[in-house]
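Input: a single structure, listed below in structure tokens.
The values are calculated or read from the model by the stated rules, or taken from the named source; none is laboratory data. Bear in mind that the values here come from a model prediction, so they are computed numbers and not experimental data. Virtual Cβ from ideal backbone geometry, glycine too; neighbours counted across all protein chains shown. What goes into the accessible areas is simple: the full protein's heavy atoms, side chains included, and nothing from ligands, DNA or RNA. Shrake-Rupley method; radii C 1.70, N 1.55, O 1.52, S 1.80 Å.
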Amino acid sequence: MNATKNSCTSMGQMLVKAILVCMSAVSMSGCVSGNADRLSNALSMSGNEKEAITGILERSKSGTLEREAMEYIVSNMPYNLTLDGKGLEKYRNFYHLFAIYGKQALAMVDSIQEASGKFDASTLTPYLDIHYLNPEFIENDLKLAFKTRNRLPWSKSVSDKDFLRYVIPYRIGDERVSEWRSDILHNIPWMNDVIDSLVKKGVDDPLVAAQAIINRWNRKEFQWTSMLPAGPSIGYANVIDKSGTCREFAHGVVYLMRAAGIPSGIDMVPIRGENNSAHSWPFIIGRDGKTYVTCTENPSWVPAAEFDIFAAKIYREEFGINDDINSGLPEEISLRPDFFKVPKFSDVTAIYKPNSLHNLTISGVEYVKTIYLASSSNDQWVPIAISASEDTTCFKNVCGGVVACIGTWDGKSFTPVGYPFEIDAATGKTREIKGGDETAKVSIYSKFPVDERNGDLVYRTVGGRIEGARHADFRDAVTLFTVTEMPKRRMTVAYPPGGCGAFRYYRYVGPPDGYCNIAEVSLYGNVGDTVPLRGHVFGTPGSWDDDPVHTFEKVFDGNPDTSFDYKEADGGWSAIDLGRPIEVRKIIYVPRNRDNYVRAGDVYELFWYGEGKWNSLGKQQAFSDSLLYDVPKGALLYLRNHSRGKDERIFEYDFEKREQKFW
């Protein structure tokens, strides 16, 4: 039996416009609230399938959970869709190739797209489930969900509410609908083995069952990449292939959990608090009613409050529309920000941050129906929450430690009201960030935070050391310099203490858990020298994932764009034989990094925020690893690289510490 009907035809429209047209049909039907009205609305939209859907409803006895489940699914089908069309299979195959070949698949993907054309998600057509999904598929999928619930002992502790919202939905995102529930239970041998073992042991705790399943699934490594073309959800293939981004990882976990009758779903942030990206991850609900989270960094399910996520707002994806949020939005979908077009999510910030929530009230704002709270993504303000009150501008359950802005949305762009402000993490009080008339000169070293939270590798340099020796085995090694703090700039100059003497052999030794990550080490015989010493390079052989471009030779190759990534967390080093003893009086080192430091030769432009817009302080070509600008004191700043890259983040300048403070 096919989950979809064969009568689907391409509408031939651009993706965004097509979705707006498709979903506007729903809003023009009233975008009704309340289960009864929504069910009636769905049936009126079901066209030729109305009789079949009505028949399925009537076969479920009124007042039963089965009837409630069927009504819940049908009522929300108008708000769910599949993206399909020419090129989708090619796109799905990209993930399959990456699962098999890892990074080598990227060249294959490029070749395929060169030969047959690039995949373009905007050519896909959205098909509303209420228009095209086979009613028989819905009925059979629900029957299997109930059969599983009745068979597995841990399902008895799952509440009816959680079962309806986080077990029975037949889809997770905009993937092509499939019989994944049946396939997982009948066609994955290891899944049956795990479930049978748990049943025999009498396990009745969903958390214990979920841990056993995730332990088995994690035996196959997930292949991470963000380099594949953007497109819709891959679907059930995530369970088998295990490749992609956080979305694919989360979807794979949720399919497994729901197939086993464990309430599970996706929690996410539209914008993280410390960088420009969204993020999503899987959750389950234990028999205690609490949320538990897993990820590759935390292979065990941990309580949500212990999960390391930093953002102003955290949401939970839902199968159905959120009436509370929807009622505060413009009725016309095209006038809503992208994130709020179809608000199928609920606010779970309080679950993750129970001890650091604030109700944010902004005074002096002229009343309009919808005021948005926005976080920054690069130099744009992205709405992430709507005001919870018609009398005052109030945003409930907001996490602090971030910079935000409030404003309105006209259907195309965000118009700020007032200045951006910091939300204090401890008190929730706001501090307006507004540049004054006084200016001062500042040195700028990076356009994006280079810390571990943002995936940079600079931290792996801290604890690394430069040694000198008279023997090639370094049995008489003398430490000349140790990196004691995160490098703030691309090239850091260090001076060994006097009296260390001359050595023939020098080496860089990586710190514990650092994988000997270093981009470049340059040694100089005199402080005023500009040409580094050269010699024969040797070191610990091997690199992570046997990558030939990250070997020990890269440390002394004179190229700060290459780097060493040792195959083990500890024990890596790279050495140079100068041929004769030479005293080193200056060291310049470059940490392995994500290329967000200022680079010589690149063209930059610094902006400051004022009067509701970013104002240019002029373009500069960098002649070293720093830029010198005259900036308004107290202003919010943003550095754009016109030559390369896309990671850029807002920041302030701390004049006391003489450093950038990124938000």
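Before moving on, here are some points about what is shown:
- Summed over segment 164-186, the residues that are more than 27 Å from the chain's Cα centre (by Cα) and either open to solvent by 30 Å² or more (accessible area, probe 1.4 Å) or among the aromatic types (Phe, Trp, Tyr) (or both) give a count of 4.
- The set of residues in segment 604-624 being in contact (Cβ under 8 Å) with a residue 24 or more places away in the chain, open to solvent by 10 Å² or more (accessible area, probe 1.4 Å) and either aromatic (Phe, Trp, Tyr) or under 16 Å from residue 648 (Cα atoms) (or both) consists of 605, 607, 608, 614.
Conditions tested, residue by residue: (1) part of a strand (DSSP E or B); (2) surrounded by fewer than 21 Cβ atoms within 10 Å (Cβ to Cβ).
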position: 466; (1), (2): yes, no
position: 485; (1), (2): no, yes
position: 489; (1), (2): no, yes
position: 499; (1), (2): no, yes
position: 505; (1), (2): yes, no
position: 514; (1), (2): no, no
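- Within segment 498-546, being in contact (Cβ under 8 Å) with a residue 40 or more places away in the chain, closer than 17 Å to residue 574 by Cα and within 31 Å of the chain's Cα centre (by Cα) holds for 510, 511, 512, 513, 514, 515, 516, 517, 518, 519, 520.
- The residue that is farthest from the chain's Cα centre (by Cα), counting only those in segment 580-596 that are buried (at least 20 other Cβ atoms within 10 Å of the Cβ) and closer than 18 Å to residue 461 by Cα, is 587.
- Matching residues in segment 365-399 - criterion: being more than 15 Å from residue 315 (Cβ to Cβ) and in contact (Cβ under 8 Å) with a residue 60 or more places away in the chain: 376, 377, 378, 379
- Which listed residue is within 29 Å of residue 42 (Cβ to Cβ) and open to solvent by 50 Å² or more (accessible area, probe 1.4 Å), from 300, 334, 327: 327
- Residue 318 meets each of the listed conditions (1) of a type in the set (Asp, Glu); (2) closer than 25 Å to residue 381 by Cβ; (3) open to solvent by less than 30 Å² (accessible area, probe 1.4 Å) apart from (2).
- Any chance residue 557 is within 31 Å of the chain's Cα centre (by Cα), closer than 23 Å to residue 505 by Cα, of a type in the set (Asp, Glu) and open to solvent by 30 Å² or more (accessible area, probe 1.4 Å): no
- Matching residues, segment 371-393, being open to solvent by 20 Å² or more (accessible area, probe 1.4 Å) and over 30 Å from residue 641 (Cβ atoms): 386, 387, 388, 389, 390, 391, 392
- Filter result for residue 321 (among the aliphatic types (A, V, I, L, M) and closer than 29 Å to residue 71 by Cα): yes
- Out of 33, 24, 75, one residue alone is part of a helix (DSSP H, G or I), touching a helix residue (DSSP H, G or I) at 6+ places or on another chain (Cβ under 7 Å) and modelled with pLDDT under 95. It is 24.
- Only one of 114, 136 that is open to solvent by 70 Å² or more (accessible area, probe 1.4 Å) and either in contact (Cβ under 8 Å) with a residue 40 or more places away in the chain or aromatic (Phe, Trp, Tyr) (or both): 136
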